[in-house]
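What follows is a single structure, written as structure tokens, with notes after it.
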Amino acid sequence: MNETTTASWRTLLTQAHDALRSSVAGVGGGAWDAATPCEKWSVTQVLQHATGDQIAFAAAITGGAWPSEDPFAPSGSIEGDPRAHLAVGLDASARAWATVDDDAEQVPVPLPQGPMPASLAAGACALDAAVHAWDIAVATGQPSPLTPEMAVPLMEVATQIVEPLRAYGAYAPALETGDDADEVTVLLAYLGRRPV
């Protein structure tokens, strides 16, 4: 994240975690099986995926346990409270990132690109949480949790990490936007999501 200070990557990650937590907290009881912008995945499956990704980032950093379920093949079934399920992943992620130096040059990540500078690695973790927060919010009729202030640094991250990940199916092809598109729309379209 060229223009993002080392201190602000922590803020961005916290904002993304908060967005995901808020979106999940706002899911009504009957909406867990609702379709999402993630093709073929329900709200529950997106939650499982997002939680698993946060655990994977934590595991890469700490050497701890990896997700018990493949984040890219979520079952669609969670035992117990889905919010508590998410809290496990977000707490593990937050604890792991607290151990990373602000200006670390080589932070392990669960991505095929391998270790990255702390600001980019944390940005990748934040991008994952933020976009899935949006997926869940949109699927359940909640307001978008993404703000322009989040979208600008997340777009910086996305342009550095997303292209190689498209080959793995992690992101759909980028969509076109008009010249008048705002920062959130540009980010979502780049990630293959229709912002309306």
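The values are calculated or read from the model by the stated rules, or taken from the named source; none is laboratory data. Keep in mind the model is a prediction, meaning the values are calculated, not measured. In this analysis, Cβ positions are derived from the backbone assuming ideal geometry, glycine residues included, and neighbour counts consider all displayed protein chains. Heads up: the accessible areas ignore ligands, DNA and RNA and are worked out on the full protein's heavy atoms, side chains in. Shrake-Rupley method; radii C 1.70, N 1.55, O 1.52, S 1.80 Å.
Which is open to solvent by 30 Å² or more (accessible area, probe 1.4 Å) and in contact (Cβ under 8 Å) with a residue 40 or more places away in the chain, of Ala25, Ala73?
Among Ala25, Ala73, only Ala25 is open to solvent by 30 Å² or more (accessible area, probe 1.4 Å) and in contact (Cβ under 8 Å) with a residue 40 or more places away in the chain.
If you go through the stretch 139-162 one residue at a time, do you hit one that is in contact (Cβ under 8 Å) with a residue 24 or more places away in the chain and in contact with a strand residue (DSSP E or B) (Cβ under 7 Å, 6 or more places away or on another chain)?
Taking every residue of the stretch 139-162 in turn, at least one turns out to be in contact (Cβ under 8 Å) with a residue 24 or more places away in the chain and in contact with a strand residue (DSSP E or B) (Cβ under 7 Å, 6 or more places away or on another chain).
Return only the number of the condition from (1) of a type in the set (A, V, I, L, M); (2) out of contact with any helix residue (DSSP H, G or I) (no Cβ under 9 Å at 6 or more places or on another chain); (3) modelled with pLDDT of 95 or more that Leu154 does not satisfy.
(2)
List, please: which pairs have Cβ atoms under 8 Å, are six or more places apart or on different chains, and start with a residue in the stretch 171-196 that is touching a residue at least 60 places away in the same chain (Cβ under 8 Å) and end with one that is of a type in the set (Val, Ile, Thr)?
If the second residue must be of a type in the set (Val, Ile, Thr), the pairs left are Leu191/Val131; Leu191/Val162; Arg193/Val131.
Do we find that Gly141 is touching a Phe, Trp or Tyr at 6+ places or on another chain (Cβ under 9 Å) and open to solvent by 50 Å² or more (accessible area, probe 1.4 Å) in this structure?
No: the conditions fail for Gly141.
Of the residues in the stretch 76-91, how many are open to solvent by 20 Å² or more (accessible area, probe 1.4 Å) and either of a type in the set (Gly, Ala, Ser) or farther than 25 Å from Val27 by Cβ (or both)?
5
Are any residues in the stretch 157-174 open to solvent by less than 50 Å² (accessible area, probe 1.4 Å), touching a helix residue (DSSP H, G or I) at 6+ places or on another chain (Cβ under 9 Å) and more than 15 Å from Gly123 (Cα to Cα), and if so, which ones?
Within the stretch 157-174, Ala170, Tyr171, Ala172 meet the criteria.
In the stretch 151-196, which residue that is of a type outside the set (A, V, I, L, M, F, W, C) and in contact with a Gly (Cβ under 9 Å, 6 or more places away or on another chain) is farthest from Met116 (Cα to Cα)?
Thr185
Yes or no: Asp128 within 29 Å of Gly63 (Cβ to Cβ), crowded, with 18+ Cβ neighbours inside 10 Å and either of a type in the set (D, E, K, R) or in contact with a Lys or Arg (Cβ under 8 Å, 6 or more places away or on another chain) (or both)?
It is true that Asp128 is within 29 Å of Gly63 (Cβ to Cβ), crowded, with 18+ Cβ neighbours inside 10 Å and either of a type in the set (D, E, K, R) or in contact with a Lys or Arg (Cβ under 8 Å, 6 or more places away or on another chain) (or both).
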